[in-house]
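Student: First the structure, which I've put down as structure tokens, then a few questions once you've had a look.
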Amino acid sequence: MDDNASFLVLFLLPVRGFLEDDSVSEILINGPDRIYIEKHGKLMETDAKFASEAQLRAAATNIAKSVDRQLNEQHPDLDARLPDGSRVHATIPPISRCGTIVSIRKFKKDMLTIQKLVDFGSTTRDGVLLLNAMVRLRKNAIVSGGTSSGKTSVLNALSGMIPENDRILVLEDASELQLQQRHCVYFETRKPDKNGAGEFSIRDLVAASLRLRPDRLVIGEIRGGEALDLLQAMNTGHSGSMSTIHANSPVDALRRMETCAIMSGVELPLMAIRMQVVSAINCIVHTMRLPDGSRKMVELAEVCDLKNGEYSTKSLLKWHTKNISADGKVAGEFVLGEPPSFLEEARIMNLEMPQY
């Protein structure tokens with residue numbers, strides 16, 4: 001452990017055990033004496049406590065200092081990364097009413113592969129065949145889902161199917177992705193300094209990356225106006241690109257992309273934006289965390305043409321819940337849907353596909 005990591009762990013001593021426990025995925029600190037963890041997909045309260053609000057505030061303040069940021073009444077919100085790659089978000093009064101709030105999303109040390117997703121029951125062999133064809137045929141894909149539904153993990157696993165000879169540019173707000181290919185170039189946004197200068201946003205990264213000869217762009221998450229830049233990149237030769245977005249369904253993911261594109265400030269007719277969306281995005285992989293804490297790729301959908309000006313998709317593979325037991329265990333099955341429009345392309349490329 002380097003000096004900076006040791007220094008921070010010293011301040012986070014009450015939760016050190018959770019930081020070192022690989023089965024804990026998130027640590028949620030709601031003030032000095034209310035600490036929760038997520039373990040195996042389920043939230044649970046712990047007995048851990050900070051000695052005082054002052055001790056917890058000091059921990060959060062020192063995390064901010066370690067990444068050259070400020071956390072004070074003028075800057076009461078922090079989004080940063082710990083030395084081990086874990087994401088940390090902290091808020092303090094006046095914007096939080098119950099003292100200092102800290103959320104730590106642990107950085108996974110083990111690489112999640114598609115095969116592991118099958119072993120975990122997150123998808124099936126048919127799902128793997130469809131995903132492999134989607135990636136190999138350079139279809140643009142968006143991984144959608146709610147908070148903590150496994151979007152980044154699925155994006156990581158999908159990237160493992162990209163051919164080794166492709167040049168991949170990875171753009172993120174805070175580095176989380178661990179792509180398995182050798183020819184990857186990683187970029188990270190930069191927050192403004194204490195004088196409000198020096199910011200480099202995802203939009204800036206997208207613009208810069210297009211001059212660096214990418215074969216594929218992988219963007220950690222779409223949150224705003226960078227959606228329009230990505231759509232234009234996807235529509236102008238950068239096929240096979242991927243990203244994630246918060247959404248409740250595949251169609252909702254397309255609507256969210258539209259909303260984010262509008263946030264770019266570029267004035268385009270709504271129908272022009274929608275045509276860009278359906279032209280650029282080929283497939284949606286929708287993830288969900290089920291009531292028992294398990295995470296699944298509940299639907300793999302292909303984007304269809306606009307119908308009466310509205311978005312539409314067709315389901316290629318979908319999870320159907322059959323029963324939820326008294327202890328919350330979810331039972332169900334994956335059902336194969338319609339054949340994809342790229343079925344013949346896959347056969348020409350000698351890619352194995354599900355039996356239709």
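The values are calculated or read from the model by the stated rules, or taken from the named source; none is laboratory data. On a predicted model such as this, the values are computed, not experimentally measured, just so you know. Heads up, the Cβs are rebuilt from the backbone with ideal geometry, glycines too, and the neighbour counts pull from every protein chain shown. Heads up: the accessible areas ignore ligands, DNA and RNA and are worked out on the full protein's heavy atoms, side chains in. Shrake-Rupley method; radii C 1.70, N 1.55, O 1.52, S 1.80 Å.
Student: State which residue is most open to solvent (accessible area, probe 1.4 Å) when the search covers only the range 218-266 and only residues that are of a type in the set (A, V, I, L, M) and out of contact with any strand residue (DSSP E or B) (no Cβ under 9 Å at 6 or more places or on another chain).
Tutor: For the range 218-266, the residue satisfying everything is M263.
Student: I'd like to check something: does the range 54-61 contain any residue that is of a type in the set (S, T, Y) and surrounded by 18 or more Cβ atoms within 10 Å (Cβ to Cβ)?
Tutor: yes
Student: Cβ-Cβ below 9 Å, separation at least six or inter-chain, first residue in the range 185-203 and without any contact (Cβ under 8 Å) to a residue 12 or more places away in the chain, second of a type in the set (S, T, Y) and open to solvent by less than 80 Å² (accessible area, probe 1.4 Å): which pairs?
Tutor: R190/S201; E199/T189; F200/T189
Student: Can you confirm whether the range 112-119 contains a residue that is assigned to a strand (DSSP E or B), in contact (Cβ under 8 Å) with a residue 40 or more places away in the chain, within 28 Å of T189 (Cβ to Cβ) and under 19 Å from the mean Cα position of the chain (by Cα)?
Tutor: Within the range 112-119, not a single residue is assigned to a strand (DSSP E or B), in contact (Cβ under 8 Å) with a residue 40 or more places away in the chain, within 28 Å of T189 (Cβ to Cβ) and under 19 Å from the mean Cα position of the chain (by Cα).
Student: Provide a single number: the residues in the range 20-44 that are assigned to a loop (DSSP other than H, G, I, E, B), within 19 Å of T147 (Cα to Cα) and open to solvent by 30 Å² or more (accessible area, probe 1.4 Å).
Tutor: 2
Student: Do you know which of the residues in the range 62-97 that are among the aliphatic types (A, V, I, L, M) and open to solvent by 30 Å² or more (accessible area, probe 1.4 Å) is modelled with the lowest pLDDT?
Tutor: Top of the filtered list is V67.
Student: Of all the residues that make up the range 47-98, how many are under 17 Å from F11 (Cα atoms) and without any contact (Cβ under 8 Å) to a residue 12 or more places away in the chain?
Tutor: Of the residues in the range 47-98, 3 are under 17 Å from F11 (Cα atoms) and without any contact (Cβ under 8 Å) to a residue 12 or more places away in the chain.
Student: Report whether or not K108 is of a type outside the set (F, W, Y) and part of a loop (DSSP other than H, G, I, E, B).
Tutor: So K108 passes the test.
Student: Taking the criterion of being over 26 Å from R216 (Cβ atoms) and of a type in the set (S, T, Y), would at least one residue in the range 265-282 satisfy it?
Tutor: no
Student: Within the range 120-147, can you find the residues that are outside any helix (DSSP H, G or I) and open to solvent by less than 20 Å² (accessible area, probe 1.4 Å)?
Tutor: S122, T123, N140, A141, I142, V143, S144, G145
Student: Kindly indicate whether any position in the range 169-183 is in a helix (DSSP H, G or I) and over 24 Å from E26 (Cα atoms).
Tutor: no
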